[in-house]
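Student: Below you will find the structure I want to go over with you.
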Amino acid sequence: MKHILTLDQGTTSSRAIIYDQRLVPVVSAQKEFPQYFPQPGWVEHDANEIWASVLDTVREALAKSGLAAADIATIGITNQRETVVVWDRKSGEPVHRAIVWQDRRTGDYMGALREAGKEVIVQQRTGLLLDPYFSASKLHWILRQIPDGHARATAGELAAGTVDSWMIFKLTGEHVTDVSNACRTMLMNVRTGKWDPELLALFDIPRAILPRIVPSSGHFGVCDPSLLGAAIPVTGAIGDQQAALFGQLCTKPGLVKCTYGTGCFLLTFTGPDAISSSNRLLTSVAWKIGDAPLQYALEGSVFMGGAAIQWLRDGLGIIKSAPEVNELASRVADSGGVILVPAFTGLGAPYWDPSARGSLLGLSRGTTAAHIARATLEGICFQVADLIGAMEKDSGRKIAVLRVDGGACASNLLMQTQADILGLAIERPKNIESTALGAAMMAGLGAGIWPDCDSLAATREVDRKFAPTITIKDRHARTKVWKKAVKRAQNWETKL
Ligand code: ADP
């Protein structure tokens, strides 16, 4: 039987999962790696430590599986997006720490571009909003930081890329990037799938430093046999959120998934149409499979999803583990009028308010830890509901069902609350690890293990469906209170 090795390179850990030909996970290994916070708001990774953690997990997974490297038909990659690595082409050594997507150091630079009126052109070309989140300003910063950075980049001495590109370079020696990752750099024209000369000029990035953009499923290169013991081809690479969309088989326009991890990421597949958002959502390339046209998604994210539950555990200490939130919140029938707006690090789409802060409102003498736990679950769900509302306005169509995945979707109470607040049916698959699954599917398609997306349909199994149980009137009343609370949380952290 053919096996697929998936490398899932996340923000805090790297994982390797080996799937069999029916996409059943056979074995997995996971390893955390160091995070560096040199200044408030700065987040860095050491690209060599990322790579070492990837190799360790692959070797561990292979050893646990009892399979030989030759039993692996192909490698698929999925990764944290936007994070930038710059390395010396000859030595293969990074020349600076990787700047992570969460890093806010280029906020002022992006603010200046906004004030110079550049947001419209950037949004039209990239589908993104001027925010330090994306790679372009981080790469601009690194090239100014290292000696002769710009000149060395222009001379072709340096290479840059997102984490997919770095991993493929270390595995195969090729300098390429997948289009779903490239679209999050703010340097690619989202409609053509090519680096955009005007954007390169705007951010002053020499073309010579960038990788070649290739499809998400196809031939990326062959793994150096000295690394794993066989010349395994790499045939899939895709950004983590797009991978989850594919892993959930959201391959027909209008299908939507939400991943409930540290944050919540909502993506709607829109097919070959790159829909421009009027509600401050982002337009991403979903994927490109071989020679088929580019496929697109509309995307919105919530910064504090499961992380709000972690705050109950680590900040308030009212639960000992994340799953305990369910038992605590179940002790009360409702939040007793308490609302938590989890804007601890500002609000993302559709508000994009970096000055908003977490707010706990509606407290009374009867408020208990159970009410706060319940309000926390509801706060996560209301944020996702705001994104769904923006998606429906942008796409002009009503969403019929929400497919869910990610660690926190294991909570039945969270999912039931989400169904109630949305007035939508929710569908949870048996395998909630959609990200790694999506990368395995991409790689399998690229290697010809399956002929097309339709042949993957049988692999998706539903674990449980959640239907709304509250009345429309009730839902509207609760949403109204939420909106009032968001207004109170907004525009809080202002300079005196
Ligand atoms: P990430 O990939 O972002 O690290 P995961 O998909 O592993 O996140 O999900 C972890 C998040 O899910 C944590 O923030 C945790 O609080 C939450 N979580 C995990 N299990 C449960 C559960 N049973 N009930 C509620 N929340 C949970």
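The values are calculated or read from the model by the stated rules, or taken from the named source; none is laboratory data. Predicted model, so just to flag it, every value in this text is computed and none were measured. Here the Cβ is made from the backbone with ideal geometry for all residues, glycine too, and neighbour counts use every protein chain on show. Quick note on the areas: whole protein, heavy atoms, side chains included, nothing else; ligands and nucleic acids left out. Shrake-Rupley method; radii C 1.70, N 1.55, O 1.52, S 1.80 Å.
Student: How many residues does the range 393-434 hold that are closer than 26 Å to Ala457 by Cβ, assigned to a helix (DSSP H, G or I), open to solvent by 10 Å² or more (accessible area, probe 1.4 Å) and more than 12 Å from the ligand (Cβ to nearest atom)?
Tutor: Residues flagged as closer than 26 Å to Ala457 by Cβ, assigned to a helix (DSSP H, G or I), open to solvent by 10 Å² or more (accessible area, probe 1.4 Å) and more than 12 Å from the ligand (Cβ to nearest atom) within the range 393-434 amount to 2.
Student: Can you tell me which residue among Pro206, Pro197, Pro211, Pro225 is at pLDDT 95 or above and either within 22 Å of the chain's Cα centre (by Cα) or more than 30 Å from Ile142 (Cα to Cα) (or both)? Let's see the steps before the verdict.
Tutor: Numbers: Pro206 fails: either within 22 Å of the chain's Cα centre (by Cα) or more than 30 Å from Ile142 (Cα to Cα) (or both); Pro197 fails: either within 22 Å of the chain's Cα centre (by Cα) or more than 30 Å from Ile142 (Cα to Cα) (or both); Pro225 fails: at pLDDT 95 or above.
Residue meeting the stated conditions: Pro211.
Student: List pairs: first in the range 456-478 and farther than 17 Å from Cys250 by Cα and without any contact (Cβ under 8 Å) to a residue 60 or more places away in the chain, second open to solvent by 60 Å² or more (accessible area, probe 1.4 Å) and among the polar types (S, T, N, Q), Cβ under 8 Å, 6+ apart or cross-chain?
Tutor: Every condition considered, the pairs that remain are Arg464/Asn412; Phe466/Asn412.
Student: Among the strands (runs of 3 or more DSSP E) confined wholly to the range 206-274, which include 1 or more residues that are over 30 Å from Gln416 (Cβ atoms) and more than 16 Å from the ligand (Cβ to nearest atom)?
Tutor: Per the criteria, 212-214, 217-222, 233-239, 264-271.
Student: Go through Ala322, Ala292, Ala286 for me and flag whichever is among the hydrophobic types (A, V, I, L, M, F, W, C), in contact with a helix residue (DSSP H, G or I) (Cβ under 6 Å, 6 or more places away or on another chain) and not in a strand (DSSP E or B). Working first, answer last.
Tutor: Working: Ala292 fails: in contact with a helix residue (DSSP H, G or I) (Cβ under 6 Å, 6 or more places away or on another chain); Ala286 fails: not in a strand (DSSP E or B).
The match here is Ala322.
Student: Further, regarding this structure: Which residues, counting only those in the range 98-139, are of a type in the set (A, V, I, L, M, F, W, C) and part of a helix (DSSP H, G or I)?
Tutor: Met110, Ala112, Leu113, Val120, Ile121, Val122, Ala136, Leu139
Student: Hey, could you check the range 329-354 for residues that are open to solvent by less than 30 Å² (accessible area, probe 1.4 Å), within 29 Å of the chain's Cα centre (by Cα) and over 25 Å from Lys393 (Cα atoms) and say which is nearest to the ligand (Cβ to nearest atom)? Spell out how you get there, then give the answer.
Tutor: Within the range 329-354, the subset open to solvent by less than 30 Å² (accessible area, probe 1.4 Å) is 329, 332, 335, 338-343, 346-349, 353.
Okay, now just the ones that are also within 29 Å of the chain's Cα centre (by Cα), so 329, 339-343, 346-349, 353.
Next cut, over 25 Å from Lys393 (Cα atoms) only: 329, 339-340.
Working: Ala329: 9, Ile339: 19, Leu340: 14 Å.
Checked the range 329-354; the qualifying residue nearest to the ligand (Cβ to nearest atom) is Ala329.
Student: Is it true that some residue in the range 303-319 is within 13 Å of the ligand (Cβ to nearest atom), closer than 30 Å to Gly254 by Cβ, open to solvent by 50 Å² or more (accessible area, probe 1.4 Å) and among the hydrophobic types (A, V, I, L, M, F, W, C)?
Tutor: So far as the range 303-319 goes, yes, one or more of its residues are within 13 Å of the ligand (Cβ to nearest atom), closer than 30 Å to Gly254 by Cβ, open to solvent by 50 Å² or more (accessible area, probe 1.4 Å) and among the hydrophobic types (A, V, I, L, M, F, W, C).
Student: Please enumerate the residues belonging to the range 473-496 that are open to solvent by 100 Å² or more (accessible area, probe 1.4 Å) and either under 17 Å from Gly389 (Cβ atoms) or over 29 Å from the mean Cα position of the chain (by Cα) (or both).
Tutor: Lys473, His476, Lys480, Lys484, Lys487, Lys495, Leu496
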